[in-house]
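The values are calculated or read from the model by the stated rules, or taken from the named source; none is laboratory data. A quick note: this is a predicted structure, and the numbers were derived from the prediction, not measured. Here the Cβ positions follow ideal geometry from the backbone for every residue, glycine too, while neighbour counts run over all protein chains shown. Calculation scope for accessible area: heavy atoms of the full protein, side chains included, ligands and nucleic acids excluded. Shrake-Rupley method; radii C 1.70, N 1.55, O 1.52, S 1.80 Å.
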Amino acid sequence: MFTAEFFAARAGWGVADAAPIFIVGLPRSGSTLIEQILASHSRVEGAQELTEIDRYAGELCGRDPDCGLPLRPEALARLADKQARALGERFLADTAVHRRLGRPFFIDKMPNNFWHIGLIHLILPRSIIIDVRREPMACGFSNLKQLFGTTNQAFTYGAEDIARYYRTYLDLMRHWDEALPGRVLRVQYEDVVDDLEGGVRRMLAHCGLPFEPACLNFHETRRSIRTPSSEQVRRPIGREGLDQWRNYTPWLAPLRDALGDAATGYRG
């Protein structure tokens, strides 16, 4: 449903506010690191993982009882310009409670919002969207060994499930790239590790922000972090986690096999 023609017919809809920065991708992909880097900028506040966008999608489209994804996405085609604007204004109002520093930009780093990029663009067409991507074996292994608890990220408890989810994520991001060319900035986690300053400058330029050295010293920024990466991002960036999965290669064959060509074609 979310085609280039769909968005072209609705150009100018929503709220033209550039304040929200959405960081999307998969859990354990480096999104907390990217948020910490950007939140070290004097004009950006990190609001952590917010649930508003997913809630709006559920209200508008219903939820699949098995996976929680929108059941009837075609419902969004019935939105009028005024309703899209009202949703954008509602998001800004609902998230105001998380903006305690009064900075002009704020980050919603809910990874699962990659499902909802169409809705985000419809209601907040000037928002910034950054897709953080990590090498699939490393990302898959990191998810497999992380106990998220309750019903969150239920796909992470089996190697084949993780691989299927990763492949679906790649397919959907390719679709957004086709329907909304240039809308999403792709950030490869490994590239940021290899060239921190280059990666920081690229992200800040995409956000329309000047470079600040504090972003390179992100580990010195004091703020609340409530994700499994909370301690990692309080240390200088390092390469030790990039290839940790290789120590478990004999046990990760099901993950590698289920990933198929995604294991090597994930950068596309």
**OP:** Scan (1) at positive phi; (2) open to solvent by less than 20 Å² (accessible area, probe 1.4 Å) for the single condition Tyr56 breaks and write down its number.
**Re:** (1)
Original post:
Mind checking which residues of the range 64-97 are closer than 25 Å to Gly46 by Cβ and in a helix (DSSP H, G or I)?
Top reply: Leu87, Gly88, Glu89, Arg90, Phe91, Leu92, Ala93, Asp94, Ala96, Val97
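Results for (1) part of a helix (DSSP H, G or I); (2) at pLDDT 95 or above; (3) out of contact with any strand residue (DSSP E or B) (no Cβ under 6 Å at 6 or more places or on another chain); (4) open to solvent by 70 Å² or more (accessible area, probe 1.4 Å), shown as yes or no for each residue.
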| position | (1), (2), (3), (4) |
| --- | --- |
| Arg10 | no, yes, yes, no |
| Pro27 | no, no, yes, no |
| Leu38 | yes, yes, no, no |
| Leu60 | yes, yes, yes, no |
Original post:
What are the residues in the range 64-75 that are open to solvent by 60 Å² or more (accessible area, probe 1.4 Å) and farther than 15 Å from Asn113 by Cα, if any?
Top reply: Pro65, Asp66, Leu71, Arg72, Glu74
Original post:
Can you tell which of Gly140, Gly149 is open to solvent by less than 40 Å² (accessible area, probe 1.4 Å) and either among the basic types (Lys, Arg) or on the phi > 0 side of the Ramachandran plot (or both)?
Top reply: Gly149
Subject >> Of all residues in the range 179-198 being in contact with a helix residue (DSSP H, G or I) (Cβ under 7 Å, 6 or more places away or on another chain), in a helix (DSSP H, G or I) and touching a residue at least 60 places away in the same chain (Cβ under 8 Å), the one that is nearest to Ser29 (Cα to Cα) >> reply: Val192
**OP:** Would you check if there is a residue in the range 74-95 being within 30 Å of Asp161 (Cβ to Cβ) and not aliphatic (A, V, I, L, M)?
**Re:** yes
Original post:
Residues of the range 12-25 being of a type in the set (A, V, I, L, M) and in a loop (DSSP other than H, G, I, E, B), which ones?
Top reply: Val15, Ala16, Ala18, Ala19
Original post:
Does the range 74-89 include one or more residues that are touching a helix residue (DSSP H, G or I) at 6+ places or on another chain (Cβ under 9 Å) and under 30 Å from Glu220 (Cβ atoms)?
Top reply: no
**OP:** Quick one: in the range 208-235, of everything that is within 23 Å of Ile21 (Cβ to Cβ), modelled with pLDDT under 75 and in contact with a His (Cβ under 7 Å, 6 or more places away or on another chain), which residue is surrounded by the fewest Cβ atoms within 10 Å (Cβ to Cβ)?
**Re:** Arg234
